[in-house]
Amino acid sequence: MVLSEKQAQRKQGIQARTALTTWQREEYSRRICEKIAGLEAFQRAETVLLYAAFRAEADLSPLLPAAEGKRLAWPVCLPEWQMAAADPRGPEGWETGAYGIRAPVLERSLVLPPEKLDLVLVPCTAFDPACRRVGMGKGYYDRYLARCVRAVKLGVAFQCQQVERAAVESHDLRLDGVVTEKEVYTWNR
């Protein structure tokens with residue numbers, strides 16, 4: 001039951017963000033990045049895990065100027081649904097990685113241990129106001145986030161991807177917050 005509901009929410013969230021016009025996605029991404037840049041968690045963070053937008057996800061590239069001086073990393077998908085955070089150290093350090101997602105070339109990058117990250121920005125396909133998240137379904141982020149013991153974990157999505165209650169299972173980790181173009185949702189443990 002939960003799996004089919006999760007799959008329906010995933011499909012609905014992807015359709016909702018894909019239905020946005022290019023202008024809306026760019027404008028909403030800019031607003032999301034402004035909200036993130038204004039958060040204390042971002043301002044205090046020295047190490048930040050971003051993501052490269054894929055399949056109409058919110059684009060974090062407008063956040064890069066505000067992140068100057070911070071150590072930035074992006075996810076790299078590894079075998080057995082594991083993930084690493086890698087700093088590509090320049091424009092030649094990128095490739096088309098797993099699933100066609102732009103990712104750092106692991107061999108040319110500095111890999112940051114998950115326990116050293118201060119802030120992790122996580123793409124969502126669906127989310128709810130209680131900061132529960134539905135991802136793409138492979139569990140890369142859930143496995144990785146469990147190892148990010150000191151990081152603030154923020155979901156990133158467009159408001160149109162919100163659901164009343166996200167379909168989650170026991171292994172799905174709740175985020176500390178979710179940022180959309182309209183709202184910053186927070187969850188207090």
Open item on the list: For a quick check of understanding: with a 1.4 angstrom probe and all protein chains in place, what accessible area in square angstrom does residue 23 have, to the nearest ten?
Closed with: 150 Å²
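In the range 92-189, what percentage of the DSSP-assigned beta bridges are antiparallel, given to the nearest 5? Before the final figure, lay out each step's value.
Details: 8 of 17 bridges.
Roughly 45 percent of the beta bridges in the range 92-189 run antiparallel, per DSSP.
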- [ ] Determine the share of the chain's accessible area contributed by carbon and sulfur atoms, expressed in whole percent, with a 1.4 angstrom probe.
- [x] 50 percent
- [ ] Grab the beta carbon distance between residue 149 and residue 182, set R0 = 35 Å, and tell me the FRET efficiency rounded to 0.05.
- [x] 0.70
- [ ] State, to one decimal in nm, how far the label point of residue 116 lies from the label point of residue 15, with both points 7 Å from Cα in the Cβ direction.
- [x] 4.4 nm
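Loop only per DSSP, at most 16 neighbouring Cβ atoms within 10 Å: give me the trypsin sites (Lys or Arg not before Pro) in the range 71-104, ordered by residue number. Each step should come with its number before you reach the end.
Numbers: sites: 71, 89, 102; in loops: 89.
Of the trypsin sites (Lys or Arg not before Pro), the ones in loops of the range 71-104 whose Cβ has at most 16 other Cβ atoms within 10 Å are 89.
As a test of the formula, what do you get for the chain when each DSSP H run with n ≥ 4 contributes -39,500 (n - 2.57) and the sum is divided by the residue count, at 222 nm and rounded to the nearest 500 deg cm²/dmol? Present the calculation step by step, with values, prior to reporting the outcome.
Values: 4 runs with 46 residues, N = 189.
Calculated mean residue ellipticity at 222 nm is -7500 deg cm²/dmol.
Of all beta bridges DSSP finds with both residues in the range 1-109, what is the antiparallel percent, to the nearest 5?
Numbers: 8 of 11 bridges.
Expressed as a percentage, antiparallel bridges in the range 1-109 total about 75.
What whole-number value in Å² describes the accessible area per residue of the chain for a 1.4 Å probe?
On the way: 9710 Å² over 189 residues.
Heavy-atom SASA per residue in the chain reads 51 Å².
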TODO: Using DSSP, restrict attention to beta bridges with both residues in the chain and report what percent are antiparallel, rounded to the nearest 5.
DONE: 55 percent
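The values are calculated or read from the model by the stated rules, or taken from the named source; none is laboratory data. Only a predicted model underlies this, so the values are computations on that prediction, with no experimental measurement involved. For neighbour counting, all protein chains shown are included, and Cβ atoms are generated from backbone atoms with ideal geometry for every residue, glycine included. Just the protein is used for accessible areas: all its heavy atoms, side chains included, with ligands, DNA and RNA removed. Shrake-Rupley method; radii C 1.70, N 1.55, O 1.52, S 1.80 Å.
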